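Data first, discussion second: the structure below is written as structure tokens.
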Amino acid sequence: MIAQSNFRILIPSILLNVLGGFNKILERLTAVGFSDPEHTTALTNKQGLMIALWYFGNPEGYRAISQRFGVAMSTAHGCVQEVTQFLGKLQSTVVSISPDLEDTAQRFSRYGFPGVFGAIDGTHVRVLPPALYKADYLNRHGIARINLTAVCDGNGKITYLNVGYTRKVNDARIFNESQLKQLLDSGRIPSRFHIIGDAAYGLHMNCLTPCEGELNSSQELYNFRHSSTRMMIERVFGLLKSRKSRKLMMLNCRV
């Protein structure tokens, strides 16, 4: 029996938002015939989604999750895989840069840096690589990792993701080969709006980086406000890598 009591949210406003998002996903799962007979014959879509959400938000492994929800480990694994694939198809409708750049820039303006519609940065995520392709994932320290580049808005919501580059690919190359760079190069973003990132991303009309070299007082103030604003994406990574979460601590790619 899937225990809905595992999900306890005490703040009513947050509960309403969570339930609203849960029900929207559940409706889409049902509409496309989500259930896979191989894994979820005895489970409803709602139960499978609950298992996957628990996996996404907690540091437990499949053994603990199977015991918690009273299902086989293979069933728990199947639910997570199916929901992950389904949510991946929804990415472009959920993870996207808001067309209202004025509103997004207003949320960032409290840090004293005008016209910002996103803060960009990259991080490494440790992985358990596929056995046949382990060498492709090893960095110069012999640790298996993949690169993740993200942009967030002033509320810490991720609005752009680029995941999957392996080994020693640097932030500059990932950015230059990205759809985000294509968007900035297209001229569709007015010049008064920009993302901000560290020096690795290179200066662009719509991407501002810190000043380098000997700095005067104006440049020092610029760098201070730039850093204060860019900290938002670092806080996002910090939350995703905290002990209460799991997804950026270690990913299992042996599927």
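Among the residues of region 149-167, those that are out of contact with any Phe, Trp or Tyr (no Cβ under 8 Å at 6 or more places or on another chain) and more than 15 Å from Gln179 (Cα to Cα) comprise Cys152, Asn155, Gly156, Lys157, Ile158. Each residue in region 47-77 was checked for being closer than 22 Å to Gly88 by Cβ, at pLDDT 85 or above and outside any helix (DSSP H, G or I), and 0 of them qualify. Does Tyr165 qualify as being of a type outside the set (Val, Ile, Thr), surrounded by 12 or more Cβ atoms within 10 Å (Cβ to Cβ) and more than 22 Å from Met232 (Cβ to Cβ)? Answer is yes for this residue. Residues in region 30-46 that are small (Gly, Ala, Ser) and either modelled with pLDDT of 60 or more or not in a helix (DSSP H, G or I) (or both): Gly33, Ser35, Ala42. Of Gln91, Gln81, all but one fail to be closer than 18 Å to Phe56 by Cα, among the polar types (S, T, N, Q) and in contact with a helix residue (DSSP H, G or I) (Cβ under 9 Å, 6 or more places away or on another chain); the exception is Gln81.
In region 125-140, the condition of being under 20 Å from Thr104 (Cβ atoms), outside any helix (DSSP H, G or I) and of a type outside the set (Ser, Thr, Tyr) is met by no residue. Within region 67-77, the set of residues being farther than 10 Å from Ala52 by Cβ, among the small types (Gly, Ala, Ser) and in contact (Cβ under 8 Å) with a residue 12 or more places away in the chain comprises Gly70, Ser74.
Would you check which residues across region 196-223 are exposed (fewer than 12 other Cβ atoms within 10 Å of the Cβ) and on the phi > 0 side of the Ramachandran plot and list them?
Scanning region 196-223 gives a single hit, Gly213.
Arg145 meets all of the listed conditions (1) outside any strand (DSSP E or B); (2) at pLDDT below 85 but one, namely (1). Right, Leu132: assigned by TED's automatic domain parsing to the domain that holds Ile233 and surrounded by fewer than 19 Cβ atoms within 10 Å (Cβ to Cβ) or not? Yes: the conditions hold for Leu132.
When restricted to residues that are modelled with pLDDT of 80 or more, assigned to a helix (DSSP H, G or I) and of a type outside the set (Lys, Arg), region 86-117 contains 9.
The criterion of at least 1 residues that are among the aromatic types (Phe, Trp, Tyr) and modelled with pLDDT under 95 is met by the following helices (runs of 4 or more DSSP H) wholly inside region 160-250: 171-176, 217-240.
The values are calculated or read from the model by the stated rules, or taken from the named source; none is laboratory data. Keep in mind the model is a prediction, meaning the values are calculated, not measured. Note that each Cβ is placed from the backbone with ideal geometry, even for glycine, and that neighbours are counted across all protein chains shown.
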